[in-house]
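Structure first, then comments.
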Amino acid sequence: MEGISTMGKVRILILGGTTEARALAASLASRADLDVVLSLAGRTADPAPQPVPVRSGGFGGAEGLARYLQDEGIDLLVDATHPFAARISANAAQVAAQCDVAAFALRRPAWVPVEGDDWLSVHSVSQVVAALGTLPLRVFLATGRQEAHLANAAPQHQYWVRSVDPVEPPLTVPYVSYITSRGPFRLPDELDLLQGHGIEVVVAKNSGGDATYGKIEAARDLGIKVIMIERAETTGLPVVETVDAALQRVDHLVSSLMKRGV
């Protein structure tokens, strides 16, 4: 690949879709030595405004991502996708090595249970269904719209489903209410939601971060069980956990690239 552009700028591709990706892009946007592009999967119908040019939609697997890196002369790849976007993260690690492109991942830390939490950790959607059991429950399903269809396998429960975009196709269960909303979610509002609907169990992904932690705090305060879908183990790219740490790594890698003149 050609490397640093003829304008003398380091070209950075951020694989985004998270609060951290947007914050990193915002911090890099004004730098004259960088040319930053933010890639979004395009799954959200009305994404939030972004501080740098945006590329939307998939790449077509690892082969397509590799072609994009080469065609666009990308010098640095940052995987700042959602902690559950396992496929694109695996592709990023594979392609960075294949194309000899500097790369790292920005991954917020997972939540950990604290005193007062009542968590049951699972590792798949099928385990969620089993964990809910056979007796009817009032369930707050906060996994996002793609995993919401797990409810179809356990129609005996009553569901309140929250997602950024509508669940399509709708669930086939007899009792379901949809809450279309984008975080961050405040603790007082989460307490009202759980109490107002008489929720007996919360189903959530261990996404980490502050924006959606309110439901976990609310469940703790109300003594409600949480079925927590844990992250799969990831391998490949070195990981930083904060935007500040990502900025430091960018500075280090950009300095190295400039010295090499690649």
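The values are calculated or read from the model by the stated rules, or taken from the named source; none is laboratory data. Nothing here was measured: the structure is a model prediction, and the numbers come from that model. Note that each Cβ is placed from the backbone with ideal geometry, even for glycine, and that neighbours are counted across all protein chains shown. Heavy atoms of the whole protein, side chains included, go into the accessibility calculation; ligands, DNA and RNA do not. Shrake-Rupley method; radii C 1.70, N 1.55, O 1.52, S 1.80 Å.
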Quiz item: Can you name the strands (runs of 3 or more DSSP E) wholly within segment 151-262 that have at least 1 residues being in contact (Cβ under 8 Å) with a residue 60 or more places away in the chain?
Solution: 201-205, 225-229
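Which residue is most open to solvent (accessible area, probe 1.4 Å), if the candidates are limited to segment 64-99 and must be acidic (Asp, Glu) and in contact (Cβ under 8 Å) with a residue 40 or more places away in the chain? Reasoning before the result, please.
As a first pass, look at segment 64-99 and keep what is acidic (Asp, Glu): 71-72, 75, 79.
Keeping just the survivors that are in contact (Cβ under 8 Å) with a residue 40 or more places away in the chain gives 72, 75, 79.
Numbers: 72: 72, 75: 9, 79: 2 Å².
For segment 64-99, the residue satisfying everything is 72.
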Quiz item: All but one of (1) open to solvent by 60 Å² or more (accessible area, probe 1.4 Å); (2) among the small types (Gly, Ala, Ser); (3) part of a helix (DSSP H, G or I) hold for residue 58; which doesn't?
Solution: (3)
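Among the listed residues 141, 191, which satisfies the condition of being outside the structural domain of residue 85 (by the TED database) and more than 22 Å from residue 19 (Cβ to Cβ)? Before you say what the answer is, go through the steps one by one.
Numbers: 141 fails: more than 22 Å from residue 19 (Cβ to Cβ).
Exactly one residue qualifies, and that residue is 191.
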Quiz prompt | Test: residue 241 is in contact with a Pro (Cβ under 7 Å, 6 or more places away or on another chain) and surrounded by fewer than 20 Cβ atoms within 10 Å (Cβ to Cβ) | solution = yes
Quiz item: Can you spot a residue in segment 13-33 that is in contact with a helix residue (DSSP H, G or I) (Cβ under 6 Å, 6 or more places away or on another chain) and farther than 30 Å from residue 215 by Cβ?
Solution: no
Quiz prompt | Scope segment 114-136; condition small (Gly, Ala, Ser), more than 15 Å from residue 157 (Cβ to Cβ) and either open to solvent by less than 40 Å² (accessible area, probe 1.4 Å) or not in a helix (DSSP H, G or I) (or both); matching residues | solution = 116, 121, 124
